[in-house]
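Below you'll find the structure, written out as structure tokens, and then a few comments.
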Amino acid sequence: MTNHVEVNQLRVDVGPLESPKTIVHDVSFTLKRGEVLALIGESGSGKTTIALSLLGYARPGCRLSSGAVNVGNDNMLALNEKQLADLRGRKVAYVAQSAAAAFNPSRRIMDQVIESALMHGVLNREQAKVKAVDLFKQLALPEPDTIGARYPHEVSGGQLQRLMAAMALICEPELVIFDEPTTALDVTTQVEVLKAFKAAVKAYNTTAVYVSHDLAVVAQMADRILVLQHGKVMENNVTSQILNHAEHPYTRQLLSAVQDSDAFQDNPKHDTVLEVANIEAGYGKILRDGSVEIPVLSDISLKVRQGQTVGIIGESGSGKSTFARVIAGLLPAAKGYMLLNGKELKPAIDERSKAECQHIQMVFQNADTALNPAHKVGDILGRPLTFFHGLTGRARAERVAELLELVKLPADLAHRKCGALSGGQKQRINLARALAAEPTVILCDEVTSALDTVVAAAILELLKELQQKLNIAIVFISHDISTVKSLCDEVVVLYKGKKVEHASGKAFRAGPYHPYTELLVSSVPTLDPLWLDTKPDGHEQPTVRIAQNDALCRFRNRCSVSILGQCDSLPPPEHKLPEDKRILCHKDMAL
Amino acid sequence: MKVILRLIAQRIGVSLITLLIVSAVVFFIANLLPGDAAQEMLGQSATPEAVAELREAYGLNDPPPVRYAKWLGGLLTGDAGVSLANDRPVDALIGERLRKSLLLAGFTAVLAVPFAMVLGIVSAMYSGSRIDKAVNIFTLSMVAVPEFLLATILVLIFAVELNWLPSLSYIPRDATAYDYFRAFAMPVVTLCIVLSAQMARLTRAAVVEQLSQPYVEMALLKGATLSRAVLRHALPNAVGPIVNAIALSLSYLLGGVVIVEVIFNYPGVASLMVDAVTNRDMPLLQACAMLFCVGYLILVLIADISAIVANPKLRKGG
């Protein structure tokens with residue numbers, strides 16, 4: 001069998017023609033029809049750039065300077081724009097990273113899904129619609145006959161990602177490019193989407209290129225893996241070879257970042273610094289009985305101890321970020337109370353004193369948007385120093401240098417603008433900014449989710465070190481269960497605003513789990529290539545909003561062990577297990 | 001649909017409140033103008049007795065809140081009062097001028113809006129290219145040049161030097177299409193250039209913003225041509241800001257054309273308002289100001305509604 005895709009000595013440059021900077025260095029690889037190749041590497045490794053070159057496309061500012069990209073009989077680099085437009089979508093199709101952004105918000109889904117078939121004249125409108133509905137069924141989308149009439153904002157992220165796959169497959173292309181298609185999804189959704197992709201690729205005997213930074217995900221999808229770093233090929237081999245007998249040190253580093261997650265140490269118990277009791281919060285109007293119109297959190301209590309980390313875990317929509325906003329006072333709680341060092345803490349931030357604000361600092365998820373790119377690092381760190389501690393001039397500059405040293409950045413970074421830093425550096429600055437106030441508690445909201453595996457591991461390492469050095473308490477909010485497992489002294493699992501499990505770190509790792517936690521744990525892909533195929537089909541996440549005053553178990557519709565007659569009629573009891581582990585479920589876990 | 005109607009009702013309510021506030025502001029600011037109508041009408045040599053008598057006759061001696069209440073009551077019952085300067089009802093005065101003003105504004109809008117759209121969209125599509133740079137230089141310099149300078153230059157060239165067009169914009173009673181063309185050519189061109197420069201810049205900004213969105217890249221990678229990606233994908237999402245830009249520019253046509261009307265001696269509402277200021281003709285001045293405000297609010301309302309209709313999230317969400 002001859003090769004279907006051949007990339008030969010591909011070089012991609014950016015910047016002015018006279019002094020170009022090369023971002024992809026003479027990359028070559030081949031693919032046979034029906035094979036799935038994974039391009040793996042950190043951001044900046046050129047993996048998306050290479051994938052896009054298979055469509056003859058370069059992002060603005062980039063140039064496909066030399067080499068050849070053959071798909072079938074066409075050299076994508078030798079074609080003009082008109083010829084390329086004719087091939088794109090018909091012969092080679094693309095599934096983008098964030099379906100939420102890649103769907104046009106103002107047009108109906110069906111129009112967008114069938115657009116390429118109509119443009120290329122492959123099918124007429126009626127045929128295309130029938131074909132689209134078939135694809136929706138194949139991709140296990142709910143309500144396949146009517147989902148196309150909706151707008152993109154009316155379906156969930158996981159559904160949108162599958163709809164985008166339908167959009168790519170509508171013309172039955174020879175080659176599909178998947179560009180990090182599950183990075184923005186929850187683990188439980190990711191499993192469903194991966195399964196759908198895998199089945200569809202197989203059904204059409206499509207050649208596929210799968211771009212990702214997550215080795216475990218790639219292990220499920222790919223026949224071959226190409227490891228990239230700084231635009232160069234590090235290693236190219238069949239999946240099993242890469243996973244079991246990696247040759248290049250960089251590949252091994254990637255592998256170890258996935259495997260290494262059980263380096264946990266118990267911190268000694270200290271005094272409670274922050275106590276949160278029976279918090280209820282949400283959005284919308286305050287009702288007569290003091291509750292809110294759209295409740296997000298109900299009856300959440302926990303204690304945060306000095307020098308310890310409390311992990312809050314849940315899928316998107318579980319209310320975990322809302323919880324951080326409640327503690328920070330950005331969203332005042334409707335009911336319940338909070339104590340900071342034993343004294344009452346007002347719910348709203350504008351009612352709190354300066355000292356109280358100083359004690360609770362927030363590290364936002366996305367350092368790119370949380371830090372003003374036009375401000376200098378020194379000013380960003382200096383502002384809380386002046387505001388909380390009245391430092392100015394020399395003293396302030398010295399303290400900025402100390403803070404930079406604390407987060408392991410060179411002191412001369414103080415004069416650089418934030419926009420010029422890398423993602424990992426920005427997240428360190430973000431952390432240093434919170435530390436500048438000398439807080440008692442820091443709230444970390446998904447601080448590693450926007451980072452590459454290796455960089456994220458370094459940030460977590462730093463967090464542990466800082467905690468030991470400064471004895472601060474951390475509330476660590478994440479959807480990544482393995483990170484929480486390895487980092488936290490206490491774990492709270494939230495589902496739709498309700499605490500379903502609460503345990504010490506040690507007890508949490510030992511199991512047993514609440515059925516929801518169980519689902520989360522088992523949804524994290526492992527490096528075993530057969531992992532995905534052995535997963536049972538899960539339950540589609542219902543998009544209905546929870547009913548008010550609903551005391552029943554909120555997980556019952558998705559639960560695999562729900563007990564008929566109990567779960568749908570009685571509120572779940574709280575089971576106490578050894579080591580003060582508490583689980584909200586009808587099923588007795590101790591049995 | 002229900003959501004849209006509710007939104008429109010809300011907006012209209014807010015507009016009425018805005019109008020009430022504006023009426024108060026207009027009234028009290030107009031009353032801050034130095035001098036008074038009686039003095040102005042009777043001239044320098046008038047005896048103080050005659051002035052006092054006239055003031056009494058026009059009710060100018062009442063305290064301002066009383067006069068405001070009377071005026072507002074009149075407005076609500078459709079009576080804008082009587083012009084102090086020439087004793088005719090204000091509605092009649094404005095009525096005949098308004099028709100002419102709307103004619104000028106209409107011609108200008110019909111030409112300027114499509115011109116600006118094309119200019120903005122083309123320069124956004126080829127942003128960074130020579131076309132884009134040329135358009136940028138043109139629009140920037142036109143935004144920077146005040147319209148009286150532009151108008152004067154046009155008059156110098158076409159009326160004084162070439163003698164092709166009349167320098168005054170006069171429409172005879174039995175005007176032919178050619179007469180209309182001659183009369184309108186220069187005022188309309190002046191206004192068009194100034195307006196379309198602004199609109200083109202705002203349109204370009206709105207479209208460029210959308211072109212950087214991932215869904216446009218997606219459309220290209222589905223095999224759409226650049227013009228299809230722009231017209232079918234990017235443009236519908238840029239409608240909100242573009243319609244707002246158009247509304248703002250057109251509202252300028254209603255009130256801000258004073259200078260152009262004065263230079264070409266065009267008998268529109270704006271020049272009427274200028275006369276009202278010189279004559280201290282408060283009822284006329286206030287009525288003109290209110291009229292411009294209503295026009296502005298209507299345009300903004302239309303812009304808001306189109307933005308809502310173009311956005312399915314707002315349309316359904318409410």
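The values are calculated or read from the model by the stated rules, or taken from the named source; none is laboratory data. Computed from a predicted structure; not experimentally measured. Quick reminder, even Gly has a Cβ in these numbers, built from the backbone with ideal geometry, and neighbours come from all protein chains shown.
Among residues of segment A:550-591 being more than 31 Å from the chain's Cα centre (by Cα) and on the phi > 0 side of the Ramachandran plot, the one that is modelled with the lowest pLDDT is A:GLU579. The residues of segment A:54-84 include none that are on the phi > 0 side of the Ramachandran plot, crowded, with 19+ Cβ neighbours inside 10 Å and assigned to a strand (DSSP E or B). Inspection of segment B:284-306 identifies at least one residue that is modelled with pLDDT under 90 and within 14 Å of chain A (Cβ to nearest Cβ).
Scoring A:LEU371 on the criteria (1) in contact with a strand residue (DSSP E or B) (Cβ under 9 Å, 6 or more places away or on another chain); (2) modelled with pLDDT under 90; (3) not charged (D, E, K, R) leaves a single failure, condition (1). Being within 14 Å of chain B (Cβ to nearest Cβ) and in contact (Cβ under 8 Å) with a residue 60 or more places away in the chain is a description that does not apply to A:LYS47.
Which residue is surrounded by the fewest Cβ atoms within 10 Å (Cβ to Cβ), if the candidates are limited to segment A:191-208 and must be touching a helix residue (DSSP H, G or I) at 6+ places or on another chain (Cβ under 7 Å) and outside any helix (DSSP H, G or I)? Only one residue fits best here, namely A:TYR204.
B:ALA245 meets all of the listed conditions (1) facing another protein chain (nearest Cβ under 9 Å); (2) in a helix (DSSP H, G or I) but one, namely (1).
Among the residues of segment A:361-380, are any in a loop (DSSP other than H, G, I, E, B) and β-branched (Val, Ile, Thr)? No, segment A:361-380 contains no residue that is in a loop (DSSP other than H, G, I, E, B) and β-branched (Val, Ile, Thr). Restricting attention to segment B:61-78, the residues that are surrounded by 14 or more Cβ atoms within 10 Å (Cβ to Cβ) and under 11 Å from B:PRO283 (Cβ atoms) total 4. Could you grab the pairs with beta carbons closer than 6 Å, sequence gap of 6+ or different chains, first residue in segment B:61-81 and under 16 Å from B:LEU32 (Cα atoms), second one part of a loop (DSSP other than H, G, I, E, B)? Close Cβ pairs satisfying both conditions: B:PRO64/B:ASN31.
When the residues of segment A:94-112 are narrowed to those that are buried (at least 24 other Cβ atoms within 10 Å of the Cβ) and within 16 Å of A:THR48 (Cα to Cα), which ends up modelled with the lowest pLDDT? Only one residue fits best here, namely A:ALA99.
From the list A:LEU10, A:LEU39, the lone residue that is in a strand (DSSP E or B), out of contact with any Ser or Thr (no Cβ under 7 Å at 6 or more places or on another chain), surrounded by 22 or more Cβ atoms within 10 Å (Cβ to Cβ) and at pLDDT 90 or above is A:LEU39.
Taken over segment A:58-91, the criterion of being within 11 Å of chain B (Cβ to nearest Cβ) and touching an Asp or Glu at 6+ places or on another chain (Cβ under 7 Å) is satisfied by A:LEU87, A:LYS91. The condition of being of a type in the set (Ser, Thr, Tyr), closer than 21 Å to A:ALA277 by Cα and in contact with a Phe, Trp or Tyr (Cβ under 9 Å, 6 or more places away or on another chain) holds for only one of A:TYR516, A:TYR495, that being A:TYR495. Within segment A:197-208, is even one residue under 24 Å from the mean Cα position of the chain (by Cα), modelled with pLDDT of 90 or more and within 14 Å of another protein chain (Cβ to nearest Cβ)? Scanning segment A:197-208, I find no residue that is under 24 Å from the mean Cα position of the chain (by Cα), modelled with pLDDT of 90 or more and within 14 Å of another protein chain (Cβ to nearest Cβ), so the answer is no.
Among the residues of segment A:104-123, is any within 14 Å of another protein chain (Cβ to nearest Cβ), over 28 Å from A:LEU185 (Cβ atoms) and assigned to a helix (DSSP H, G or I)? Yes, segment A:104-123 has at least one match. Annotation: of all residues in segment B:255-267 being under 12 Å from the mean Cα position of the chain (by Cα) and part of a loop (DSSP other than H, G, I, E, B), the one that is farthest from B:SER169 (Cα to Cα) is B:GLY256.
Across segment B:104-125, the number of residues qualifying as under 21 Å from B:LEU191 (Cβ atoms) and free of Cβ contacts under 8 Å to residues at least 24 places away in the same chain comes to 4.
A quick yes/no check of all residues on (1) at pLDDT 85 or above; (2) within 14 Å of chain A (Cβ to nearest Cβ); (3) surrounded by 15 or more Cβ atoms within 10 Å (Cβ to Cβ):
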site: B:PHE181; (1), (2), (3): no, no, no
site: B:VAL188; (1), (2), (3): yes, no, yes
site: B:ARG201; (1), (2), (3): yes, no, yes
site: B:ALA205; (1), (2), (3): yes, no, yes
site: B:VAL208; (1), (2), (3): yes, yes, yes
site: B:GLU217; (1), (2), (3): yes, yes, yes
site: B:LYS222; (1), (2), (3): yes, yes, yes
site: B:LEU226; (1), (2), (3): yes, yes, yes
site: B:ARG232; (1), (2), (3): yes, yes, yes
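When segment A:277-303 is examined, which residues are found to be assigned to a strand (DSSP E or B) and either of a type in the set (Asp, Glu) or at pLDDT 90 or above (or both)? Within segment A:277-303, A:GLU280, A:GLU293, A:ASP299 meet the criteria. Taken together, B:VAL122, B:VAL110, B:VAL145, B:VAL160 contain a single residue that is of a type in the set (Val, Ile, Thr) and crowded, with 18+ Cβ neighbours inside 10 Å, which is B:VAL122.
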